[in-house]
Each structure stands twice: as structure tokens, then as C-alpha cells.
1. Six or more apart or on different chains, Cβ atoms under 6 Å: show the pairs whose first residue is in segment 157-184 and polar (S, T, N, Q) and whose second is surrounded by 20 or more Cβ atoms within 10 Å (Cβ to Cβ) and not in a helix (DSSP H, G or I).
2. In this structure, is Thr84 of a type in the set (Val, Ile, Thr) and at pLDDT below 90?
3. When both residues are 6+ apart or on different chains and their Cβ atoms are under 6 Å apart, which pairs have a first residue that lies in segment 76-92 and is closer than 22 Å to Leu185 by Cα, and a second that is in a helix (DSSP H, G or I) and of a type in the set (Val, Ile, Thr)?
4. Inside segment 242-260, can you point out the residues that are surrounded by fewer than 19 Cβ atoms within 10 Å (Cβ to Cβ) and either in contact with a helix residue (DSSP H, G or I) (Cβ under 6 Å, 6 or more places away or on another chain) or farther than 25 Å from Arg466 by Cβ (or both)?
Amino acid sequence: MMAQVQRPLVIQSQFIRLCCPRNARRTTGARARHHKQLHTSTVTDNDITRLASLPLHPLTLADLVKHGRPPLTTSQLLSSSNFTLSILPARLAHRIQSLRNLPFIVVSNPHISKIHSNYIHSLSTLLPWAEREITTIEDEVKFTEVMADLVQTHANTISILARGFLEARKYISPTDVTKFLDEHLRARIGTRLIAEQHLALHFSSQPHQEIMHEVEDPGSFVGVIDTKLRPAKIVQHCESVVSEICELKYGVRPHVVINGEQEYTFAHVPVHLEYIITELLKNAFRATVESGKEREPIEVTIAPLPEELVENGNNSGGNERSRAAIKNKDQGNTDIASNSFTGNDGSASPSSDEQIRPLAHSTPGVTIRIRDRGGGISPENYQHIWDYSFTTFNEDQAASTLSGGNSGSGMDALNAISGPGGDGVNSLAGLGYGLPLGRAYAEYFGGGIAVQSLWGWGTDVYLSLRGVGKVEE
Ligand SMILES: Nc1ncnc2c1ncn2[C@@H]1O[C@H](COP(=O)(O)OP(=O)(O)O)[C@@H](O)[C@H]1O
Ligand SMILES: [Mg+2]
């Protein structure tokens, strides 16, 4: 179960394994010692209230590349540390607050309260750092350990929360679960990204060459962002992963035809794209096979967004995709969902549209269309596809998952949930997190997912993503 993260394309899983290895725990108990070295302080309710009242600002890809291209100088690494430190405590406090705003009986669920205590742990290890500035490379190294611990601690969050909400489903409506998870998981995307970006910058700025050689062109990476990300290559990689899973489950695999601009590259976070494409392909494969159309290829078209559209569209409204601002809501920064449980309408939320900043650069991007002949989505199901935990996958399995128990098919379904840097043994479908979480990743940096079903025939899914624009040297 919970097999290791298998993402060969991805650079940061290497870093994380290196600096916070599960192996170490298994073989030497190094992790226990490592934990003792981390300074923690008890987080008080006052700390949480104070930090959670600070506004969260939209994060742009440009924010993540602003410290420069690795290898970074010492002073650039220090500024990356201090930037990370200036952002994370408030973000963690918002998550803690939001968990605490859930109905008490829901937070009392052991899985959900586990997540709450993970956040408390992480905030406790961060707070002593947040009180000062990191000015020496020795401190930067120690701080990087703290970041690695943080990323590792939260790696399994999604499946733990999923399990918790399944168990607590009598006490909270599916709509409320979706509202909560949508905000929580979006916010988590940003928090992980900020921490992983620092980790990746740290390691690619050290003489740790052995980590780099799995990456074809380390020169195109700025931390976790690949400035020359080629969508066609990600699609091929995901296709081979999904094909294996599909063959295991059904004994057949439909094939994928990639067309459009296969050489197109743009700047984005490869793990995000990998997560989304994997989920979309899983859906297309499953529908195709289950409707007996495995001979019909799944067609993936890569269509770059015309540059001039982006240039002219800056902030002028009109075309949805050309709008240059990323919304706080897209990034789970608004606390609307969490406040709805307390009767607070969220209007006191510190974040407002005033904080929305345009991207620093023009942002060319791409639309990827995934077209299958899997019969489409029925009108009654169509209205639910964005709900967390809506699935039409194997009714029996779903039912046994719902009736509780951590064994057998229930585990399969939970294991189906994966995410960048997260847990997840792959299965083809499961608890209905693929589409809503995929859309959260796409919208995080101003993209989106649209699903067009031709009921009785097939489905077209349009995934649009925006790049960071030009990365300054
Ligand atoms: N390409 C598709 N063809 C047909 N149905 C689809 C497709 N994509 C999604 N769906 C429907 O949407 C539901 C939710 O999808 P998703 O969120 O990925 O969860 P899961 O795959 O775990 O069921 C699926 O169970 C399926 O009914
Ligand atoms: Mg799915």
C-alpha cells in the first residue's frame, strides 16, 4: 500500500526523498533524531487568530521565479528563505482556522483531527523561525530541513481527509464537503508550492549534482518550474502510466493519438500538469473501455494560445482566458467556505479583490483537448462531476468504501487519489476527486478545465493553462 511516489519526470520528489527520506526512517531511525533537532514552540490560539487574520495574496508563477535561476548565490538563497518564511505561517494558520470552523463532530473525526494536528506541528516548527530573519547559510540549511519536514508531514493529506470525510458523511453534506475541500486543497497547492520551490532552489544551488542527472535539461528548471515544459512529453509520460493501470484493470488499453503543436513549450509546474493530465486520461480510458470502444483512439490536441491574444487581452476583460489577474478565490485564499460553517458570511475576510495583482509578464499558454469516444456523461451525472467524491466508478466498490473499513476495495478507492508530491497507488478511478482537484490545479494559475459531453458519443475536455511568460535572466 501507499507505494512511493513514482514520478520519474519530476525533479522535486528527488529532493524530498533525499532530504526527508522515508528510507531513513525505515533503516536507521534517522528521522526520530532529526525530529528532536527541530525547534518547536507551542502555538497558542492567539498566534493562530493573529496569523489567520493576515490577508493571503494571490501567488503568481512570477513570484516563484523572482529569486533568479539556479544555482542561486547565497544572498539569493537567503532571500528565498525569507520570502518563504514571510508567507507560510499565515497560510498554515488560515488552514488551522478553517479546519476548526468545521462542525465539531467532523473535526473530531480521527483522520480530520490528524490533519489539524499536522498543521499545528508545522506551524510550531515554523514560528521560532518567523520571529527573525535568516542571515547565514547555516540557518538556511536548517530552515531547508524544516521545509522538507513540512512537505513530508503533509504528503498524505488528501487521502487522509478523504477518509475522514467519508466517515463523517452523516454529519456534513456533500455540498459542504465540496466547499471546504475546494478551498482547503487550493490553498494547500500554494503552500506546498512555496515550500517545494525553496527546497528545489536550495538543492539545485548546491553541489548535489547526483540529483540533477535524471532531469534531461536541468538548465530549464527554476526550482519546481520548468521554463521549457513540453506538454506533449507530459502527455506521453502520463499515457504510459495510465495505460499500465488500465491494462491491469481491464486487460485492454486504448491508444492515444497526440496531435497539434507537439513541440510547443511554456513555463509551468510539471507536477501540476502531470497530475491533471493523468486524471483526465484515466477518465477517458475508463469511459472508452467501459463503453466497449477500446479500438477508438483517445485524441489529445495541443493548441498554443496565440501570443497576441494574450498581449492585447491584458486586464481588458473580455476573453476569459486572456484576463491577466489570478483571483484569490482560485487559490483558496478567501476563507468563504470555512466561514460559512460559523455563520460568518466571510465579508470580514481580509482578502479582497484589492489584493489581486496582474502577472508581471505576459502569459502565453496552451489549451489541451482530450477527446474520447467513451459515450459521454449523462445529463443527471453532468451536474455533479465537479463535486468532490462524486463518482460512477464501480458501484459495488463505491458502496463498500462507503460502508467503511480500511480493507479491500475501500483502500483501492482511497489509493486512487493522488496528487503531486502526494500519496496514491494508482487505480483508474475512485472517489471522484479527479475532476474537481484537477480543476483546482488548472485554475490556480489562471487556467481552467471545461468538460463538454456529447451524451451517447463521447467527451471533450479542454484544459487551458497559462505560462509564466518570459523568465528574466
Ligand atoms: N471522459 C469521461 N467520460 C465519461 N464520464 C466521465 C468522463 N470524465 C469524467 N466522467 C464522469 O465524472 C465522474 C467523476 O470523475 P472524477 O472526478 O475523475 O472521479 P472518478 O474518476 O474517481 O470517478 C466519473 O465517475 C464519471 O462518471
Ligand atoms: Mg477520475
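1. Partner pairs satisfying both residue conditions: Ser159/Ile417; Ser159/Asp423; Thr178/Tyr388.
2. no
3. If the second residue must be in a helix (DSSP H, G or I) and of a type in the set (Val, Ile, Thr), the pairs left are Thr84/Ile194; Ile87/Ile194; Arg91/Thr191.
4. Scanning segment 242-260 gives Ser243, Glu244, Glu247, Leu248, Lys249, Tyr250, Gly251, Val252, His255, Val257, Ile258.
The values are calculated or read from the model by the stated rules, or taken from the named source; none is laboratory data. Remember, predicted model here, so these are calculated numbers, not experimental data. Neighbour counts run over all protein chains shown; Cβ positions are idealised from the backbone, glycine included.
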